[in-house]
Each structure stands twice: as structure tokens, then as C-alpha cells.
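Contents: one structure, followed by commentary.
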Amino acid sequence: MPSAMRPNPDGRCEMVVETFMNSFFALLVFSALPFTAMAQIAPESVMKLTSTDFGDGGNIPKRFTCDDENISPSLQITGVPAAAKSLALIVDDPDAPRGTFTHWLVWSLPPDTKEFVTGAAPAGAVQGSNDAGKTGYAGPCPPSGQHRYYFKLYALDVPVTLPAGSPRKALEKAMEGHVLNQAVLLGRYAREK
């Protein structure tokens with residue numbers, strides 16, 4: 001007897017196809033729920049950090065390095081979580097010969113910050129001490145080969161109240177347990193020979 005047929009107490013065969021199809025349909029709907037939910041998420045709800053000066057994974061133009069003007073590139077921010085109270089930025093080079101080199105620390109950014117204009121931190125932001133021993137931005141300056149530069153933006157559930165010139169360890173300690181979301185932009189640079 002086909003599996004879709006079942007005798008009932010009266011001896012008649014009853015189609016159970018309808019029950020099978022209802023169960024199958026329910027399974028399909030349940031399986032599709034995560035995709036439906038994801039499709040309804042607004043693009044702004046995913047935090048992103050981009051630059052009009054270079055693409056993610058692309059080469060950082062010479063203008064923003066120690067070989068030229070040594071100014072910070074433009075950065076654009078979208079999708080900051082509604083619960084964020086502040087933003088912080090860390091720029092570093094994990095390929096430095098003596099270990100990760102910190103190029104820029106910025107905190108106390110209002111959560112509604114949309115961009116960093118070329119050559120400046122947003123108004124009201126506080127800058128920390130980089131590994132060149134200065135407060136502010138230090139552009140890429142690899143001693144040899146191509147290095148990677150990570151621009152890491154953090155959405156925090158608290159404001160950071162460190163004084164200007166504070167080191168990275170102090171910023172990381174202040175951020176510990178308060179990161180709501182993170183966005184990363186990767187740039188690369190190799191000096192001309």
C-alpha cells in the first residue's frame with residue numbers, strides 16, 4: 001500500500017497527502033524564516049566604515065602616508081547601533097617589525113558622527129598617543145614591503161572620558177565590555193623603491 005494511503009477504522013483508505021503537504025509546507029516556512037528576517041534588516045543596521053580615498057583591501061594613496069602630506073584619509077560611517085553612546089577609532093599596522101604599530105586613536109565621537117573629513121578628526125573628538133610618540137594621526141610608513149592598515153571603528157554603550165594623549169592600553173581598558181558593534185576598513189601601502 002502506498003505510504004500516502006492509510007486504512008481508517010471503517011476499512012476505507014484515506015489520503016494523508018494533505019497532512020503530509022501541510023507538514024512539508026510548515027517546514028519550508030520555518031526554514032525560510034532566517035532569510036526572511038535578514039531580508040527585512042535595513043542596510044543601515046549593519047555598521048560600516050568606508051573611505052572615498054581607497055576601497056576596502058585597496059591601496060592607500062601616497063598623500064596619506066609619511067612619503068607625502070601624512071594627513072588622515074576621509075572616512076564615512078553608517079549603521080551605528082541606536083544604543084551607542086559614543087564611537088572610537090583605532091588604526092594599526094599588524095605587519096610592523098616590532099609588533100602591531102598604532103597609527104591613530106580617536107574617541108569621544110558622538111554616535112551620530114557620519115564622517116571624518118580629510119586631514120582631521122571630527123569636532124569634539126579626542127585623540128590619543130600613537131606609537132610614533134605623538135598625539136593624532138601618523139600615516140603609513142612601512143620600512144619594507146607592503147603592510148596592512150586596519151581602520152577599526154567601535155560603537156560603545158558608554159562615553160569614553162580619557163584625556164587627550166592617552167595610550168592605546170588605556171583606551172582598550174575603557175572600552176572593555178562596552179563594545180556594541182565593530183566595523184573594519186583595510187588599506188594597504190608599500191613605499192616606492
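The values are calculated or read from the model by the stated rules, or taken from the named source; none is laboratory data. Remember, predicted model here, so these are calculated numbers, not experimental data. Backbone-built Cβ (ideal geometry, glycine too); neighbour counts: all protein chains shown.
The lone criterion from (1) within 19 Å of the chain's Cα centre (by Cα); (2) surrounded by 22 or more Cβ atoms within 10 Å (Cβ to Cβ) left unmet by GLY139 is number (1). Inside the range 42-68, residues that are assigned to a loop (DSSP other than H, G, I, E, B) and at pLDDT below 95 make up a count of 2. Filtering the range 160-185 to residues that are out of contact with any Ser or Thr (no Cβ under 7 Å at 6 or more places or on another chain) and under 16 Å from THR102 (Cβ atoms) leaves LEU162, LYS169, ALA170, LEU171, GLU172, LYS173, ALA174, MET175, VAL184. If only residues of the range 58-73 that are under 23 Å from ASP131 (Cβ atoms) and in contact with a strand residue (DSSP E or B) (Cβ under 7 Å, 6 or more places away or on another chain) are counted, the one that is surrounded by the fewest Cβ atoms within 10 Å (Cβ to Cβ) is ASN59. Please tell me if GLY99 is in the same structural domain as ALA174 (by TED's automatic domain parsing) and either closer than 19 Å to GLN182 by Cα or loosely packed, with under 13 Cβ neighbours inside 10 Å (or both). Yes. Between ALA121, ALA82, ALA88, the distinction of being under 18 Å from the mean Cα position of the chain (by Cα) and assigned to a loop (DSSP other than H, G, I, E, B) belongs to ALA82 only. For ALA88, the conditions (1) among the small types (Gly, Ala, Ser); (2) closer than 17 Å to ALA183 by Cα; (3) surrounded by fewer than 22 Cβ atoms within 10 Å (Cβ to Cβ) are fulfilled apart from (3).
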